Amino acid sequence: MRLKKAQRLLAEAQAALQKASDDLAAAREAETAVTKAEAAAKAAEDEAIAAEDAARAAEDEAIAAEDAARAAEAEAVEAENEAKASEAQAIAAEDAARELEAPFKAADEELQHAQSELSAQEDAYNNEKARLEQASEEGGLVSRNRAKNELKQLLSEDPLPLRRAQITTEAARKKAEKVRAPFKAATENAVAVREEATAKREAAQAARQAAEERRAEATKSREAAEASRQEAEARRAEASASREAAEARRAEAAAAREQADQAVQAAEDAFKSAEDYLEEAKNTVARR
């Protein structure tokens with residue numbers, strides 16, 4: 001009876017040992033798999049961290065570029081405002097110079113007009129004289145005599161007042177030009193200064209517009225870099241969560257493997273005890 005019990009105990013111990021061995025093999029295989037998964041998760045996390053660091057660096061660079069663009073834009077705006085102020089001063093100076101020159105300019109132009117009128121009268125006199133002289137020598141007798149009478153009447157007119165008026169007007173015009181000259185020069189100088197100021201203002205305006213465009217592009221780049229950094233942060237957080245989950249699974253697998261190790265050890269001890277018990281039972285039967 002004791003022998004059968006020993007044999008039964010040994011068979012049960014052997015089955016338990018086999019099961020424990022199978023469980024241990026499965027636990028070791030599972031631990032190996034989750035360890036590989038953990039390593040892959042760590043590698044993915046490292047890659048995500050590197051990508052996040054790169055995205056942060058790109059964002060910092062974009063922020064610096066935007067700050068520089070904003071500073072350049074501010075300088076361009078200030079330069080444009082200064083150019084506008086200079087142009088306004090130049091315009092005011094030009095207006096003042098024109099106002100000072102205005103009466104002298106008007107007088108000069110009036111004398112020029114009067115001189116032109118006198119010259120026109122003299123030209124008309126000379127042209128009429130030439131016409132009558134030619135007509136007195138050509139054509140029929142009646143027309144020649146009529147032309148001679150008209151020529152005689154024309155020549156009887158005193159040309160001295162016209163010539164005196166021309167001389168007087170010419171002298172007055174030269175005097176007016178001389179008086180006007182410094183005011184005219186001042187106006188011309190003011191015009192040149194104003195034109196230069198306008199050119200500088202236009203250049204400053206163009207520079208400001210270009211600076212605005214560069215700042216807008218820098219802002220757009222910074223916003224894109226910020227979005228990329230946020231996306232990289234999300235991927236890194238996800239990768240970290242995956243790595244932590246893999247670590248937890250690996251720890252669970254290690255605990256299961258250790259438990260399986262202990263179960264195998266216990267099964268081996270039980271099997272050894274069953275073998276000893278069977279050997280003792282056999283010896284007892286043999287002594288009988």
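The values are calculated or read from the model by the stated rules, or taken from the named source; none is laboratory data. Values in this document were obtained by computation on a predicted structure and should not be read as measured data. Note that we place each Cβ from the backbone using ideal geometry, even for glycine, and neighbour counts take in every protein chain shown. What goes into the accessible areas is simple: the full protein's heavy atoms, side chains included, and nothing from ligands, DNA or RNA. Shrake-Rupley method; radii C 1.70, N 1.55, O 1.52, S 1.80 Å.
Let me check I've understood the local charge: for Arg215, count other residues with C-beta under 9 angstrom from its C-beta, Lys and Arg +1, Asp and Glu -1. What total comes out? Counting the neighbours of Arg215, the net charge comes to -3. In the chain, the portion of solvent-accessible area held by carbon and sulfur atoms comes to 52 percent [1.4 Å probe, whole percent, DNA, RNA and ligands not counted].
Distances between every pair of Cα atoms in the chain, grouped in 5 Å steps from 0 to the bin holding the largest one, split as 1, 5, 5, 5, 5, 5, 4, 4, 4, 4, 4, 4, 4, 3, 3, 3, 3, 3, 3, 3, 3, 2, 2, 2, 2, 2, 2, 2, 2, 1, 1, 1, 1, 1, 1, 1, 0, 0, 0, 0 percent. Rolling a 1.4 Å probe over the protein heavy atoms leaves Thr198 with an accessible area of roughly 20 Å².
A crude spin-label estimate for the pair Ala102 and Ala227, with each label 7 Å from Cα along the Cβ direction, gives 6.0 nm. Orientation-averaged projection of segment 56-117 equals 6.3 nm² [convex hull of Cα atoms, one quarter of hull surface area]. Sparsely packed loop sites in segment 105-137 (the GluC sites (Glu not before Pro) outside DSSP H, G, I, E and B with at most 10 other Cβ atoms within 10 Å) comprise Glu137.
Counting only protein heavy atoms and using a 1.4 Å probe, the accessible area of Ile167 comes to about 120 Å².
Other residues whose C-beta falls under 14 angstrom from the C-beta of Val77 contribute a net charge of -1, scoring Lys and Arg +1 and Asp and Glu -1.
Springs between Cα atoms under 10 Å define the GNM used for the chain, and in it the highest mean-square fluctuation of Ala186, Ala267, Ala218 occurs at Ala267.
Ellipsoid fit via the Cα gyration tensor, segment 182-271: semi-axes of 85, 8, 4 Å, each the root of five times an eigenvalue, largest first. Helix content alone sets the calculated 222 nm mean residue ellipticity of the chain: runs of n ≥ 4 DSSP H residues at -39500 (n - 2.57) each, divided across all residues, give -37000 deg cm²/dmol. Just to confirm a number: summing +1 for Lys and Arg and -1 for Asp and Glu over residues other than Tyr277 whose beta-carbon lies under 11 angstrom from that of Tyr277, what do you get? Within the 11 Å Cβ shell, the charges total +1. How high is the FRET efficiency between Glu138 and Ala92 when r is their beta carbon distance and R₀ equals 51 Å, given to the nearest 0.05? Efficiency, rounded to the nearest 0.05: 0.20. Using a probe of 1.4 angstrom and keeping all protein chains present, the accessible surface of the chain works out to 66 square angstrom per residue.
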